[in-house]
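Structure record follows, encoded as structure tokens.
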Amino acid sequence: MGKKYKILLSVIVVIIIFLIIFLLFSLFNKDVNIATYEVIDQINGYNYTLDDRDTKLMEEEFKKLKDILLSDEINYDAYASVLSNLFVIDLFTIANKENKYDVGSLEYVLPSVKDNFKLNVMDTIYKYINEDNEYPIVNKILANTVTTTKYKYNNKEYNAYKVLVAWDYEKDLGYYTNGELILINENDILYVVSFKGVVEN
């Protein structure tokens, strides 16, 4: 076997191996691909954004939050209330999500707990998302109650807010309709650190 033939054969084998790796990677990661959406509004100094896929209700609550945060003096009770509404609307409006990896409300969650929150949602609420099923759209916030509290995280006590939220859907598909959120104040920004949901019978 000639030297040139051996080199050519080696190159072909390497190319085939790379093609196989690429195809396998594409096959196993096709569900992870999430479409990008256009940001149509944002709040200066915060990581809160509104996308073109968000619902009318989300737009209304986002405008309320923007007004609160851009005022001369921030009302933190109102901030906690509206942020909790946005969290619920984005998380439980599943009809506009691409797949289980496209988890809503991440921008409202404390960065250090974000990965655990995402994994938990993917394994529970978003677990069976596929294009053949019908998914909920939050239609209305029915009630929202804010109380101040303390919350201990990583051996540090924070000023916090406990927010009880009730909501309904365009169509009842058996998802949570009530929830309890805990938000902490970290450097004058509120973050969700805990969410518990219940379904009323």
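By how many nm would the segment from K171 to E157 grow when fully extended, if each residue of separation counts as 0.36 nm and the alpha-carbon distance is taken off?
Once the chain is fully extended between K171 and E157, it gains 1.0 nm.
Over the chain, what number does the Rg to Rh ratio reach, with both radii from the alpha-carbon atoms and Rh per Kirkwood?
1.16
Taking trypsin sites (Lys or Arg not before Pro) as exposed when DSSP calls them loop (any state but H, G, I, E, B) and at most 14 other Cβ atoms lie within 10 Å, what is the longest stretch of the chain free of them, the sites themselves excluded?
1-126
Suppose the chain between D123 and I20 were pulled fully straight at 0.36 nm per residue; how much longer would it get relative to their current alpha carbon spacing?
Additional length available on full extension: 34.1 nm.
Keeping the other protein chains in place, figure out the carbon and sulfur percent of the accessible area of the chain, with a 1.4 Å probe.
52
Counting GluC sites (Glu not before Pro) as exposed when in a DSSP loop with at most 16 other beta carbons within 10 Å, what is the longest stretch of the chain free of them? Provide the component values of the computation, followed by the final result.
On the way: sites that count: E38, E73, E98, E131, E134, E170, E200.
Segment 1-37 is the longest.
Just to be sure I understand the rule: take each whole DSSP H helix in the chain, project its Cα atoms onto its long axis, keep it if the span is 15 Å or more and its mean Kyte-Doolittle hydropathy is at least 1.6. Which ones pass?
Length and hydropathy pass: 3-28.
Determine the per residue accessible area of the chain with all protein chains present and a 1.4 angstrom probe, expressed in square angstrom.
62
By accessible area of protein heavy atoms, probe 1.4 Å, what ranking do T148, T93, T49 get, highest first? Show your work: numbers first, answer last.
Numbers: T148 105, T93 5, T49 35 Å².
Of T148, T93, T49, the descending order of accessible area is T148, T49, T93.
Rounded, prolate or oblate for the stretch 90-176? Axes are the square roots of the Cα gyration tensor eigenvalues, ordered a ≥ b ≥ c, and the cut-off for rounded is a/c under 1.5.
It comes out oblate by the Cα gyration axes.
Quote the relative contact order of the chain in percent (integer), defining contacts as alpha-carbon pairs under 8 Å separated by 6+ residues.
Working: 280 pairs, mean separation 29.1, N = 201.
Relative contact order here is 14 percent.
The values are calculated or read from the model by the stated rules, or taken from the named source; none is laboratory data. All values reported here derive from a predicted model rather than from experimental measurement. Every residue, glycine among them, receives a Cβ derived from its backbone with ideal geometry; neighbour counts consider all protein chains shown. Just the protein is used for accessible areas: all its heavy atoms, side chains included, with ligands, DNA and RNA removed. Shrake-Rupley method; radii C 1.70, N 1.55, O 1.52, S 1.80 Å.
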